[in-house]
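The values are calculated or read from the model by the stated rules, or taken from the named source; none is laboratory data. This structure is a prediction, so every number in the text was calculated from the model and none was measured. FYI the Cβ positions are ideal-geometry reconstructions off the backbone, even for glycines, and counts take in every protein chain you see. Please note that ligands, DNA and RNA were not included when accessible areas were found on the heavy atoms of the full protein model with its side chains. Shrake-Rupley method; radii C 1.70, N 1.55, O 1.52, S 1.80 Å.
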Amino acid sequence: MRLEGVLTAVRVSAARGTGLRTKRVGSVRVLRGVAGIVGFLGLWELGVLAHVPILAQIPAPLEVARAQWQLLHQARYYVDWLVSLERVSAGFLIAAVVGVPLGLLMGWRAKFRYLTFPVFEILRPIPPLAWVPLSIVFWPTTESSIVFVIVLGAFFTVVLNTLAGVRAIDQRYIRAAISLGATPPTVFRRIILPGALPSIFTGLTVGMGITWSVLIAAEIIAGKSGLGYMTWEAYVAGAFPIIVAGMFSIGVAGYASSAVVRLVARYAMPWTKPF
Amino acid sequence: MAVLLEAPARNAGTGAISLRGVRKVYDSSAGAVEAIADWTLEIAPGEFLAVVGPSGCGKTTLLNAIAGFDPVTAGEIALDGTTIACAGYLAPPGADRVVVFQNGALFPWKSVVDNIAYGPIVQRRMSREQALRAAHALLERVGLADVARAFPLKLSSGVQRRVEMLRALINDPKALLLDEPFRALDAISKSAMHEELLRLYESTKKTIFFITHDLDEAILLADRVVVSATRPARVKRVLHIDLPRPRSPLMTASREFLDLRAQLTGVVHEEAEKALRRGERELA
Ligand SMILES: Nc1ncnc2c1ncn2[C@@H]1O[C@H](COP(=O)(O)OP(=O)(O)OP(=O)(O)O)[C@@H](O)[C@H]1O
Ligand SMILES: [Mg+2]
């Protein structure tokens, strides 16, 4: 017993030790990341300067930076950002608020799953963009049809990951909870929900990524504003550096929104390793 | 580490488990599997009973029936005179006979202290604050206060198992049902766990139904060791262990222990051979 106590003490202090080390390793990792980005930009600039075949057609990083600088001085640019962010947030939130409970219910209640799953499997393979013509006809405003297509993009991934998460929960946890006196609603709230969370967040993260690709395409097809529309407009106007600056903005926006999901995940699941 | 559990234990004299002609047949699409043939045994209140038997002989099946997870096909199981399982009836699982699982089942999403406080909270037997205070007190008593806020998967399996036993004991159950709780542990942590379980048992005198493959463990811990026949399970032999209490892992070297060990090995060996031969037949 005493031995075990000592072992525990050693383990705890070892854990503290790694905590410190992770911080140092973390800053080295950030430096590596920055070095990677700088290296990538450098190679690109060099490639353009050296007239490497395909690269030479692409605006060089410095040109793009100048275009980006110009954009930063236009009110329109910020409006495009806001409009895109609004569409994505609305679509993503609707997909999550409807999709997560639906997935939980499908996972928990077999009869409900048998009823709904086939419908799902028929609708799921239809690419979200194939819905664009119908939804333009169907929804009163262009805006609502764009949001609808975004919802569809994230929805199926969110539902299916939630469902899989519930199904993958080890029976042991449910039995342990019941054995400790939990009633079915408690099992749902305290075992099924947290047990499925890692999978739910995987669904949300992937769903967030899909959301942006759908948004950009939808804006190009049907929009009058937003980052996707801005990029397309630059193409039509032949302003190539702006095209790349637009792409860059979309990348930043996608990255930032995934980071938000990851942040929420880390806060909601303190027991898992951050991913 | 003096007294481990001073929590008010249930009155002595509760926790009698009667198994009368228990039979279990699994009906699956692959055909019927008779897991338990006929199991009859009276477990006294406060007794430490160990069950050993070949792998797949039906030990977990029996535990699941006592726990209320799986119905029996025939026979009857009673806890303190109240029927908890018979053909066509199964009392729902409850905290009067808490299970500690074969592979451990601490909730990974709850900290150690929240895991322990879980039972009293969901049973609404204590307020959240009371339950957490009781959980902290338990951890303090067994010298695990350091890990109260840690998440289970960050701990060694030995510590996880200790926490899991506390999570069961805080409910002051009539009986503890342990399904090979120390199977995955290395020899050193296992010996430490034996010492701790002996102390917990000897200070609380809960009825313990303990499944194991480890003959030394069975003899060291139990008042009686039941050898199960190979599937379908039935009571093959009951061995009384008269080693004095309090026991300690040092006793495994004593003359009496070695005698018991030799006896038990003989009986178990017979069943193991049968299981092996049957396995060969099934494969042929
Ligand atoms: N749900 C089930 N459906 C069908 N057969 C089952 C089921 N559960 C267990 N069995 C079968 O019943 C028999 C007894 O299983 P059980 O898990 O009770 O054995 P055990 O003695 O606990 O084995 P181990 O020592 O390996 O844990 C095995 O042959 C097993 O395959
Ligand atoms: Mg088993």
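What the table shows:
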| read-out | value |
| --- | --- |
| Residues of the stretch A:251-275 that turn out to be in contact (Cβ under 8 Å) with a residue 24 or more places away in the chain and within 14 Å of chain B (Cβ to nearest Cβ), as a count | 4 |
| Where a residue in the stretch B:84-110 is at the interface with chain A (Cβ under 8 Å from one of its Cβ atoms) and crowded, with 23+ Cβ neighbours inside 10 Å and its partner, wherever it lies, is in a strand (DSSP E or B) and among the hydroxyl-bearing types (Ser, Thr, Tyr), with Cβ under 8 Å and at least six apart | none |
| Breaking point among (1) under 23 Å from the mean Cα position of the chain (by Cα); (2) away from ligand 2 (no atom under 16 Å from the Cβ), for B:Ile66 | (2) |
| Output for the stretch B:176-233, where each listed residue is of a type in the set (Gly, Ala, Ser), within 16 Å of ligand 2 (Cβ to nearest atom) and farther than 28 Å from B:Val25 by Cβ | B:Ala184 |
| Neighbours by Cβ (under 8 Å, 6+ apart or cross-chain): first from the stretch B:58-81, within 13 Å of another protein chain (Cβ to nearest Cβ) and in contact (Cβ under 8 Å) with a residue 60 or more places away in the chain; second more than 12 Å from ligand 1 (Cβ to nearest atom) and assigned to a loop (DSSP other than H, G, I, E, B) | B:Ala67/B:Pro93 |
| Yes/no for A:Val88 being assigned to a helix (DSSP H, G or I), over 28 Å from A:Pro241 (Cα atoms), in contact (Cβ under 8 Å) with a residue 24 or more places away in the chain and of a type in the set (A, V, I, L, M) | no |
| Enumerated helices (runs of 4 or more DSSP H) restricted to the stretch B:125-232, each holding at least 3 residues that are facing chain A (nearest Cβ under 10 Å) and open to solvent by 10 Å² or more (accessible area, probe 1.4 Å) | B:187-204 |
| Residue satisfying all of: in the stretch B:12-23; surrounded by 17 or more Cβ atoms within 10 Å (Cβ to Cβ) and either of a type outside the set (Lys, Arg) or within 8 Å of ligand 1 (Cβ to nearest atom) (or both); farthest from B:Asp80 (Cα to Cα) among these | B:Val22 |
| Residue tally, condition more than 19 Å from A:Arg175 (Cα to Cα), at pLDDT 90 or above and surrounded by 19 or more Cβ atoms within 10 Å (Cβ to Cβ), over the stretch B:47-74 | 6 |
| Any pair with Cβ under 9 angstrom, 6 or more apart, that starts in the stretch B:240-268 at a residue that is of a type in the set (Phe, Trp, Tyr) and ends at one that is open to solvent by 50 Å² or more (accessible area, probe 1.4 Å) | B:Phe257/B:Asp216 |
| Neighbours by Cβ (under 7 Å, 6+ apart or cross-chain): first from the stretch B:133-146, without any contact (Cβ under 8 Å) to a residue 40 or more places away in the chain; second of a type in the set (D, E, K, R) | B:Leu144/B:Arg162 |
| Yes/no for A:Thr211 being farther than 18 Å from A:Arg113 by Cα, away from every other protein chain (no Cβ under 14 Å) and within 21 Å of the chain's Cα centre (by Cα) | yes |
| Considering residues of the stretch B:24-44 that are more than 16 Å from ligand 2 (Cβ to nearest atom) and among the β-branched types (Val, Ile, Thr) only, the residue least open to solvent (accessible area, probe 1.4 Å) | B:Ile43 |
| Segments classed as helices (runs of 4 or more DSSP H), wholly inside the stretch A:164-275, with at least 3 members that are over 30 Å from A:Gly26 (Cβ atoms) and open to solvent by 50 Å² or more (accessible area, probe 1.4 Å) | A:171-179, A:193-222, A:227-237 |
| Residues of the stretch A:114-160 satisfying the condition of being open to solvent by 30 Å² or more (accessible area, probe 1.4 Å) and of a type in the set (A, V, I, L, M) | A:Leu115, A:Val119, A:Ile122, A:Leu123, A:Ile126, A:Leu129, A:Ala130, A:Leu134, A:Ile136, A:Val137, A:Leu160 |
| Residue within the stretch A:63-71 that is surrounded by fewer than 13 Cβ atoms within 10 Å (Cβ to Cβ) and at pLDDT 90 or above present | yes |
